[in-house]
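The values are calculated or read from the model by the stated rules, or taken from the named source; none is laboratory data. Computed from a predicted model, the values in this text were never measured in an experiment. Using ideal geometry, Cβ is built from the backbone for each residue, glycine included, and neighbour counts are taken over all protein chains shown. We work out accessible area using only protein heavy atoms, side chains counted, and drop any ligands, DNA or RNA first. Shrake-Rupley method; radii C 1.70, N 1.55, O 1.52, S 1.80 Å.
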Amino acid sequence: QVQLVESGGGLVQPGGSLRLSCAASGSLFGLRAMGWYRQAPGKQRDLVAAITSAGSTNYADSVKGRFTISRDNAKNTVYLQMNSLKPEDTAVYYCKFSFPWSPYWGQGTQVTVSS
(Lines give C-alpha, C1' and ligand atoms only; values in the text may rest on other atoms or scores of the structure.)
Protein backbone atom coordinates (compact mmCIF):
# COMPACT_ATOMS: atom_id res chain seq x y z
CA GLN A 1 0.00 0.00 0.00
CA VAL A 2 1.31 3.43 -0.97
CA GLN A 3 0.30 6.57 0.85
CA LEU A 4 0.90 10.06 -0.49
CA VAL A 5 0.97 13.22 1.59
CA GLU A 6 0.94 16.58 -0.13
CA SER A 7 2.01 19.92 1.27
CA GLY A 8 2.90 23.42 0.17
CA GLY A 9 -0.39 24.84 -1.01
CA GLY A 10 -1.73 28.20 0.07
CA LEU A 11 -2.71 31.68 -0.94
CA VAL A 12 -0.35 33.63 -3.17
CA GLN A 13 -0.59 36.84 -5.16
CA PRO A 14 -0.46 36.81 -8.95
CA GLY A 15 3.13 36.57 -10.10
CA GLY A 16 4.17 34.74 -6.95
CA SER A 17 5.60 31.29 -6.45
CA LEU A 18 4.80 28.14 -4.51
CA ARG A 19 6.43 24.75 -4.25
CA LEU A 20 4.26 21.70 -3.73
CA SER A 21 5.64 18.49 -2.26
CA CYS A 22 4.26 14.96 -2.34
CA ALA A 23 5.93 12.44 -0.07
CA ALA A 24 5.27 8.74 -0.50
CA SER A 25 5.42 5.97 2.06
CA GLY A 26 5.34 2.27 1.31
CA SER A 27 7.05 0.26 -1.38
CA LEU A 28 7.60 2.09 -4.65
CA PHE A 29 8.77 -1.01 -6.47
CA GLY A 30 7.37 -0.91 -9.99
CA LEU A 31 6.66 2.81 -9.98
CA ARG A 32 6.25 4.05 -13.55
CA ALA A 33 5.54 7.74 -13.23
CA MET A 34 4.65 10.55 -10.88
CA GLY A 35 2.44 13.44 -11.72
CA TRP A 36 0.57 16.50 -10.57
CA TYR A 37 -3.02 17.16 -11.52
CA ARG A 38 -5.37 19.96 -10.67
CA GLN A 39 -9.09 20.43 -10.43
CA ALA A 40 -10.84 23.76 -10.33
CA PRO A 41 -14.45 24.06 -9.10
CA GLY A 42 -16.87 22.68 -11.67
CA LYS A 43 -14.10 21.40 -13.92
CA GLN A 44 -12.48 18.05 -14.56
CA ARG A 45 -9.18 16.99 -13.10
CA ASP A 46 -6.40 17.70 -15.59
CA LEU A 47 -2.75 16.78 -15.86
CA VAL A 48 -0.37 19.59 -14.97
CA ALA A 49 3.00 17.86 -15.13
CA ALA A 50 4.44 14.37 -15.02
CA ILE A 51 7.82 12.69 -14.70
CA THR A 52 8.56 9.09 -15.55
CA SER A 53 10.84 6.72 -13.69
CA ALA A 54 13.37 7.36 -16.46
CA GLY A 55 13.21 11.10 -15.83
CA SER A 56 11.23 12.22 -18.85
CA THR A 57 8.87 15.09 -18.19
CA ASN A 58 5.83 16.57 -19.84
CA TYR A 59 3.72 19.60 -19.04
CA ALA A 60 0.35 21.02 -19.86
CA ASP A 61 0.69 23.83 -22.38
CA SER A 62 -0.78 26.28 -19.89
CA VAL A 63 2.10 25.81 -17.44
CA LYS A 64 5.08 25.33 -19.72
CA GLY A 65 7.88 27.69 -18.82
CA ARG A 66 6.34 28.46 -15.44
CA PHE A 67 6.11 25.13 -13.61
CA THR A 68 8.82 22.54 -13.04
CA ILE A 69 8.35 19.00 -11.82
CA SER A 70 11.21 17.24 -10.08
CA ARG A 71 11.81 14.33 -7.78
CA ASP A 72 14.06 13.23 -4.94
CA ASN A 73 14.32 9.46 -5.09
CA ALA A 74 16.08 9.27 -1.73
CA LYS A 75 13.12 10.98 -0.10
CA ASN A 76 10.43 9.32 -2.21
CA THR A 77 9.16 12.80 -2.95
CA VAL A 78 8.00 14.63 -6.04
CA TYR A 79 7.87 18.41 -6.24
CA LEU A 80 6.09 21.00 -8.33
CA GLN A 81 7.75 24.38 -8.45
CA MET A 82 5.21 26.94 -9.60
CA ASN A 83 6.38 30.38 -10.68
CA SER A 84 4.61 33.35 -12.23
CA LEU A 85 1.33 32.12 -10.84
CA LYS A 86 -1.91 33.36 -12.38
CA PRO A 87 -5.44 33.47 -11.00
CA GLU A 88 -6.38 30.71 -13.44
CA ASP A 89 -3.93 28.41 -11.67
CA THR A 90 -6.28 28.38 -8.69
CA ALA A 91 -7.34 24.78 -8.02
CA VAL A 92 -6.90 21.79 -5.79
CA TYR A 93 -3.65 20.10 -6.77
CA TYR A 94 -3.28 16.34 -6.48
CA CYS A 95 -0.22 14.16 -6.87
CA LYS A 96 -0.47 10.75 -8.46
CA PHE A 97 1.94 7.81 -8.43
CA SER A 98 1.32 5.36 -11.25
CA PHE A 99 2.03 1.64 -11.04
CA PRO A 100 1.16 -1.01 -13.64
CA TRP A 101 -1.56 -2.38 -11.36
CA SER A 102 -2.97 0.79 -9.79
CA PRO A 103 -2.62 4.53 -9.43
CA TYR A 104 -2.39 6.17 -6.02
CA TRP A 105 -3.58 9.69 -5.30
CA GLY A 106 -2.79 12.22 -2.65
CA GLN A 107 -5.49 13.99 -0.69
CA GLY A 108 -5.08 17.28 -2.53
CA THR A 109 -3.78 20.69 -1.55
CA GLN A 110 -5.48 23.98 -2.31
CA VAL A 111 -3.66 26.63 -4.31
CA THR A 112 -5.32 30.01 -4.52
CA VAL A 113 -3.87 32.81 -6.62
CA SER A 114 -5.51 36.11 -5.79
CA SER A 115 -4.68 39.69 -4.93
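Computed values, structure above
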read-out: Ser27-Val2 pseudo-label distance in nm [points 7 Å out on the Cα-to-Cβ vector]; value: 1.3 nm
read-out: Arg19 versus Ser70: modelled label distance in nm, points set 7 Å from Cα along the beta carbon direction; value: 0.7 nm
read-out: Within-15-Å neighbourhood charge of Leu18 [Cβ basis; K, R +1; D, E -1]; value: +1
read-out: Using θ = phi - 60° and Karplus 6.51 cos²θ - 1.76 cosθ + 1.60, couplings along segment 71-88 (whole Hz; Gly, Pro as x); value: 9, 10, 5, 5, 9, 6, 10, 10, 10, 9, 8, 10, 10, 6, 5, 10, x, 6
read-out: Fraction of accessible area attributable to carbon and sulfur, the chain (%, probe 1.4 Å); value: 48 percent
read-out: Gain upon complete extension [Thr52, Lys86; 0.36 nm per residue less C-alpha separation]; value: 9.6 nm
read-out: Simple Cβ-charge dipole of segment 44-110, Lys/Arg +1 and Asp/Glu -1, about Cα centre, in debye nearest 20; value: 120 debye
read-out: Surrounding net charge for Gln39, when Lys and Arg each add one and Asp and Glu each subtract one, Cβ distance under 10 Å; value: +2
read-out: Pairwise Cα inverse-distance average, inverted: Kirkwood Rh of segment 38-101 (Å); value: 12.9 Å
read-out: Among Gln44, Gln81, Gln13, residue whose mean-square fluctuation peaks in a GNM of the chain (springs only between Cα atoms under 10 Å); value: Gln44
read-out: Surrounding net charge for Val92, when Lys and Arg each add one and Asp and Glu each subtract one, Cβ distance under 9 Å; value: +2
read-out: Check: the chain dipole with +1 on Lys, Arg Cβ and -1 on Asp, Glu Cβ, in debye; value: 80 debye
read-out: Rg(Cα) / (2.2 N^0.38 Å) computed for the chain, rounded to two decimals; value: 1.01
